[in-house]
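K.L.:
One structure is given below, represented as structure tokens, and several questions about it will come after.
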Amino acid sequence: MSASSTRPTAAGESPSTLTPAQKFLRDAATKSADLVHREIIRKNMDSYDAAHMRGRARIKDWEAARRRCQEIKREAINHLDKYLLQFEQKVLERGGHVFWAATGDEACAYIKDLAVSRGVKTVVKSKSMVTEEMHLAPVLEEQGIRVWETDLGEFIVQLRNEAPYHIVTPAMHLNRQQIRDLFREKLGEDIADADPQKLVALARRKLREAFFAAEMGISGANFLVADSGAVAISTNEGNGRLSTSLPRIHVAVTGIEKVIPRLEDLGTLWPVLATSGTGQPITTYGTLAGGPRRLGEADGPEEFHVVLLDNGRSSLLANAEEREVLHCIRCGACLNICPVYRNIGGHTYNTTYPGPIGSVLTPHLRGREFQHLSYASSLCGACTSVCPVNINLHHHLLHNRRDFTSAGGAKSGERTQFKLWRMAMLHPRLFALGGWMMRRSLRLLYGMGLAGTALDPLRAWSRKRTPVPLPSQSFRSRWKKDLGRNSGGNE
Amino acid sequence: MARKVSLFVPCFVDQLQPEVAVDTVKVLRRIGCEADFPADQTCCGQPAFNSGFWDEARPCAERFLHVFKDAETIVCPSGSCTTMVRVFYPELMASGALHDEALALGKRTFELSEFLVKVMGVTDVGAAFPHTVTYHASCHGLRELKLRDEPLRLLRGVKGLKLVDMLRSDECCGFGGTFATKFESISVAMGESKADSVAVTGAEYVTAIDPSCLMHVQGILGRRKDRARAIHLASILASEA
């Protein structure tokens, strides 16, 4: 197999010179017209929707559970300093190491140096979006270290040299025939009937070899439990447990916002995360790792490291209005329900975190170049309605837009447009006149069959939709003429 | 005494879909309300607000407050524009002197179906519409104003109307204001998904409480030459035998 070092990062190096916004528009146009893609995603999302609703029905009071999770995360985020230090203290007491990384590069360097100094040749990774965010795998591969993704979906996208399509189900965009072809090409075995069980068995056999060879296991963390100094990891395939207990060294890498106050908080967070992520009552394997193997223990690593990544999170923390974005538990529910995500797919975002949470977060973490994502939403609010920690996602998109615009970010053409618009809206006569002129001229234009052409100022509308209706009279003129009389009607 | 109602007619309804407002007037008068149209109104400011131009939107909001200062009850045939007033004006004016006034204004501004069912307690407005109709739950009405059953109750009260359920009826149609033109391809794809959902029902009409969604859906249906047509709830309610 090839764990190639050319695997593109989530940043998606493109040979072209397009800006991220231009690239987004181009890829969105391609993907949203791709009917095969639309069908695969619709099918997968339909089955997720059904499982999600069944899962929610299992919880007696879903809204109360959401509120509880929101409270837990709010408490943690508002006292991040206290809980992170408590977590660190507990880990140190048990003989573990904690590294505080301000940036992704710092985190990568720490792990690379650790791997090199311990003579690591093979690394097994269980799923971690934070390692995608900091582009860890290529850094290790440059040192000649072989990196294996052990989550089945991640394993598949790694074989394809792709970034994850989705934060929970990285290979959601592929069907089993495509996976069969991939395995035949990269693993040299042909599962002719593309039977899912046989495909899984093949991947499992390959991955077992990696688990036994690896000297280092790298995991993410779903939660950092402050009062017990434990890293909580949820997986469905058991790969998290193998990655953290078989290799000599376990490195857990995660964002500072993942801390929660108490072990008992998992009693609410675990089932809510599972329900929102996949519709399961609880994820199959819940792993708690808290330090190196102690005397008399049967298994566990000799060394235990936790890397706590900031990478822009603390500046979000400093922003009281946007802080709750850090409450996110990365369940993926907002991606699944988002009609934009469903049509353009995960890769089009060109970010580590796609979908609504990514559109809110990425402009904060990676700056203005990604501000177009704040606008790439119809503001339908479906994301907010499913978020298990009640993040007001679509209102945060509005805040991002406001902050971008008031910092002078909008294009000058749009600024002028809205200045003129404001003038018209403040003067009813100007508004009525402008409306009348627009309707008349468009009627003339459309009468000549020019709708949707380069001459049509509304072509972005009428290229792919029938033109807007252009009545000869506005409501206000009809009201003035006759409608306004007989107020009170037929009583 | 007749209940006095001030009409809040969204700017694009005034200019592009006046029949929606005409039908709103018909329905209101039929149930015995006295309708008034403050002629100085223009736009609530939502296009600027949603685009991030809050400083451009704020004077519109202030103006709106002024125009409707004396209105007892304000009724609007759009969930989205009602949302702008009720949900976003208080945020837009959070730090200003008009914040309380904005809050109070929001409490007396109602979307049409909300006004009919919740305020007037009417579910049968004496309409007849002998057609198959499916209902699209517009996002702002559903998620910001929490209007789920009100339009459906009104539709069930219409004589001869056969209501058929739409799969994913609460999935966005893809309009989203300037989103529809800034992100044309995504918006159209979303509209096509919605048109697919409409087609599956076999309904003659798709209705909703938001004229903008309907304009978008009609734009897609029309281009595809689909059988179904988009019609505003007010126009169904205004129809008589």
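K.L.:
For segment A:138-184, how many residues meet the condition of being within 19 Å of the chain's Cα centre (by Cα) and among the aliphatic types (A, V, I, L, M)?
P.N.:
Counting residues in segment A:138-184 that are within 19 Å of the chain's Cα centre (by Cα) and among the aliphatic types (A, V, I, L, M) gives 9.
K.L.:
Looking at segment A:473-491, which of the residues that are at pLDDT 95 or above and of a type in the set (S, T, N, Q) is nearest to residue B:178 (Cα to Cα)?
P.N.:
Ranking the candidates gives A:474 first.
K.L.:
If you take the residues of segment B:47-62 that are more than 7 Å from chain A (Cβ to nearest Cβ) and buried (at least 24 other Cβ atoms within 10 Å of the Cβ), which of them is nearest to residue B:124 (Cα to Cα)?
P.N.:
Checking each candidate, the answer is B:61.
K.L.:
Still on this structure, I have one more. Do we have residue A:217 as free of Cβ contacts under 8 Å to residues at least 60 places away in the same chain, in the same structural domain as residue A:88 (by TED's automatic domain parsing) and either closer than 28 Å to residue A:88 by Cβ or assigned to a loop (DSSP other than H, G, I, E, B) (or both) here?
P.N.:
No: the conditions fail for residue A:217.
K.L.:
Now, a different point. Within segment A:404-452, can you find the residues that are surrounded by fewer than 14 Cβ atoms within 10 Å (Cβ to Cβ), more than 18 Å from residue B:10 (Cα to Cα), among the hydrophobic types (A, V, I, L, M, F, W, C) and assigned by TED's automatic domain parsing to the domain that holds residue A:462?
P.N.:
Of everything in segment A:404-452, those that are surrounded by fewer than 14 Cβ atoms within 10 Å (Cβ to Cβ), more than 18 Å from residue B:10 (Cα to Cα), among the hydrophobic types (A, V, I, L, M, F, W, C) and assigned by TED's automatic domain parsing to the domain that holds residue A:462 turn out to be A:420, A:437, A:444, A:448.
K.L.:
Which numbered condition trips up residue A:116, out of (1) under 18 Å from the mean Cα position of the chain (by Cα); (2) of a type in the set (Val, Ile, Thr); (3) over 22 Å from residue A:223 (Cα atoms)?
P.N.:
(1)
K.L.:
Just one of (1) more than 9 Å from every other protein chain (Cβ to nearest Cβ); (2) closer than 30 Å to residue B:186 by Cβ; (3) modelled with pLDDT of 95 or more trips up residue A:433, so point out which.
P.N.:
(2)
K.L.:
Another one. List pairs: first residue in segment A:20-43 and at negative phi, second residue among the hydroxyl-bearing types (Ser, Thr, Tyr) and part of a helix (DSSP H, G or I) anywhere in the structure, Cβ distance under 6 angstrom, at least six positions apart or on different chains.
P.N.:
Within 6 Å, the pairs are A:27/A:348; A:28/A:348; A:28/B:185; A:29/B:185; A:31/A:348; A:32/B:185.
K.L.:
Here's something else I'd like to know. What residue, among those in segment B:201-226 that are within 7 Å of chain A (Cβ to nearest Cβ) and among the aliphatic types (A, V, I, L, M), is farthest from residue A:470 (Cα to Cα)?
P.N.:
B:220
K.L.:
Here are some residues: B:92, B:65. Which one is more than 9 Å from chain A (Cβ to nearest Cβ) and in contact with an Asp or Glu (Cβ under 9 Å, 6 or more places away or on another chain)? First the steps, then the outcome.
P.N.:
Details: B:92 fails: in contact with an Asp or Glu (Cβ under 9 Å, 6 or more places away or on another chain).
Only one candidate qualifies: B:65.
K.L.:
For segment A:471-479, check the following and say yes or no: at least one residue is more than 7 Å from chain B (Cβ to nearest Cβ) and either free of Cβ contacts under 8 Å to residues at least 24 places away in the same chain or in a helix (DSSP H, G or I) (or both).
P.N.:
Of segment A:471-479, the ones more than 7 Å from chain B (Cβ to nearest Cβ) are A:472, A:477.
With the extra rule that they be either free of Cβ contacts under 8 Å to residues at least 24 places away in the same chain or in a helix (DSSP H, G or I) (or both), the set shrinks to A:477.
So far as segment A:471-479 goes, yes, one or more of its residues are more than 7 Å from chain B (Cβ to nearest Cβ) and either free of Cβ contacts under 8 Å to residues at least 24 places away in the same chain or in a helix (DSSP H, G or I) (or both).
K.L.:
Output the residue which, of all residues in segment A:124-144 that are in contact (Cβ under 8 Å) with a residue 40 or more places away in the chain and outside any helix (DSSP H, G or I), is nearest to residue A:329 (Cα to Cα).
P.N.:
Going through the qualifying residues, I end up with A:128.
K.L.:
If the requirement is being in a strand (DSSP E or B) and surrounded by fewer than 22 Cβ atoms within 10 Å (Cβ to Cβ), which of these qualifies: B:69, B:4?
P.N.:
After applying the criteria, what remains is B:4.
K.L.:
Strands (runs of 3 or more DSSP E) wholly in segment B:142-232 with at least 1 residues that are surrounded by 18 or more Cβ atoms within 10 Å (Cβ to Cβ) and in contact (Cβ under 8 Å) with a residue 12 or more places away in the chain - which ones?
P.N.:
Details: elements: B:162-164, B:205-208, B:229-232.
Correct list: B:205-208, B:229-232.
The values are calculated or read from the model by the stated rules, or taken from the named source; none is laboratory data. All of these numbers come straight from a predicted model, not from anything done at the bench. Heads up, the Cβs are rebuilt from the backbone with ideal geometry, glycines too, and the neighbour counts pull from every protein chain shown.
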